[in-house]
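Values quoted throughout were computed directly from the atomic coordinates according to the rules given, and no laboratory measurement underlies them. Small disclaimer: the values here were computed from a predicted structure and weren't measured. When we count neighbours, we look across all protein chains shown, and the Cβ atoms used for this are built from the backbone with ideal geometry, even at glycine.
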Amino acid sequence: MNYQRKINLLAQRIKDGKRVFALTGAGISTASGIPDYRSPGTGLWEKINPEKSASVTALRQNPEYFYRQNLLRWAQLESANPNEGHIALAKLEEKGYLMGVITQNIDGLHQKAGSKKVWELHGEVRTCRCSQCQEQYQFGMLVDQFQRGVIPPVCPSCQGMLRPNVVLFEDPMPEAFYQASQVLTGCDFLLVVGTSLQVYPAASLPQKARRIGIVNLMETPYDSMADVVIRENAGQVLSDLVTALP
Ligand code: CNA
């Protein structure tokens with residue numbers, strides 16, 4: 001099937017569906033200058049091992065290493081801008097085609113692009129919390145203390161260690177994951193974008209949808225189950241999809 005016919009089929013599935021959602025991963029944000037994990041050559045996985053450096057064990061056993069490995073990279077997400085892929089999904093929601101976006105990303109770019117219903121499965125970098133008293137603070141508090149050499153940063157009220165509200169490896173899944181699983185009940189069509197579908201339990205969510213379409217540069221374990229697979233740039237595909245949906 002040629003490219004335009006695949007776009008038309010995606011558009012048709014979205015038009016026909018009553019409960020349509022998108023599931024996104026790091027690949028939708030690479031065009032915003034944020035490296036993903038697994039793209040060959042540019043993926044973070046080739047430089048660091050997030051399972052080791054961004055884990056609860058790393059935070060507990062060697063908090064200074066944890067903060068030096070991760071904090072500045074997370075802090076930089078604040079200045080990133082949404083690209084045409086994020087903007088296209090926000091438009092599809094605004095036009096009433098999409099009921100919301102379920103994302104594995106922590107970069108907040110869907111909200112910056114104007115998406116209203118967003119479920120963040122792996123947390124975010126707007127806030128942080130005290131690992132002792134659970135008080136919530138702005139993420140900037142981590143950055144300020146880090147830059148002043150207070151590593152690990154501490155809670156101003158109880159002096160417990162602060163931690164980001166990013167879901168680390170070994171953390172339990174947040175409420176947003178269970179909400180997303182619930183809203184996907186009866187989902188007619190799930191548009192999967194920019195994810196290798198290898199990180200569980202997020203990667204189990206496509207099983208909840210009746211039909212799926214996949215937009216991803218590399219192949220995924222769900223390709224054989226999808227109605228449409230488009231191995232092209234997410235920004236381009238999603239913009240073309242908006243054009244195909246008046
Ligand atoms: P991943 O495993 O790195 O997969 C990303 C996929 O996107 C790959 O299969 C790529 O082929 C594909 N891809 C890359 N660029 C494009 C593009 N322009 N168009 C289409 N496809 C593209 O990342 P996942 O999201 O699947 O893995 C889940 C992890 C990555 C989550 O825990 C995230 O928190 C984590 N992560 C998030 C960010 C972010 O917030 N932007 C960045 C890096 C990692």
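When you work out D = kT/(6 pi eta Rh) for segment 11-89 at 37 °C and 0.692 mPa s, using the Kirkwood radius from C-alpha pairs as Rh and the Stokes-Einstein form, the result is 219 µm²/s.
About the centre of its Cα atoms, segment 119-225 shows a dipole size close to 80 debye [charges on the beta carbon of Lys, Arg (+1) and Asp, Glu (-1) only; nearest 20 debye]. This ranking places 122, 110 by how few other beta-carbon atoms lie within 10 Å of each, fewest first, which gives 122, 110. Farthest toward the positive end of the dipole of the chain, out of 33, 20, 229, is the Cα of 20, where the dipole comes from beta carbon charges about the Cα centre. Neighbour counts of other Cβ atoms within 10 Å put 66, 139 in the fewest-to-most order 139, 66. Taking amide H positions as modeled 1.01 Å from N, with prolines and chain starts lacking one, the residues under 5 Å from residue 166 and 5 or more places away or on another chain are 124. Remark: the chain is approximated by an ellipsoid whose semi-axes, taken from the C-alpha gyration tensor as √(5λ), come to 34, 17, 16 Å, largest first. Ordering 55, 246, 131 by the projection of their Cα atoms onto the charge dipole of the chain, which places +1 on the Cβ of Lys and Arg and -1 on the Cβ of Asp and Glu, puts 246 at the extreme positive end.
Using the Cα centre as the reference, give the magnitude of the dipole from point charges on the C-beta atoms of the chain (Lys, Arg: +1; Asp, Glu: -1; all else neutral), rounded to the nearest 20 debye.
The dipole of the chain has a size of about 360 debye.
Neighbour counts of other Cβ atoms within 10 Å put 5, 13 in the fewest-to-most order 5, 13. Compute the angle between helix 63-76 and the longest alpha-carbon principal axis of the chain, please, reported from 0 to 90 degrees and rounded to the nearest 10. Relative to the chain, helix 63-76 is tipped by roughly 50 degrees.
Counted by Cβ distance under 15 Å from residue 37, the other residues give a net charge of 0, where Lys and Arg count +1 and Asp and Glu count -1. Relative to the longest principal axis of the Cα atoms of the chain, the long axis of helix 3-16 lies at roughly 80 degrees.
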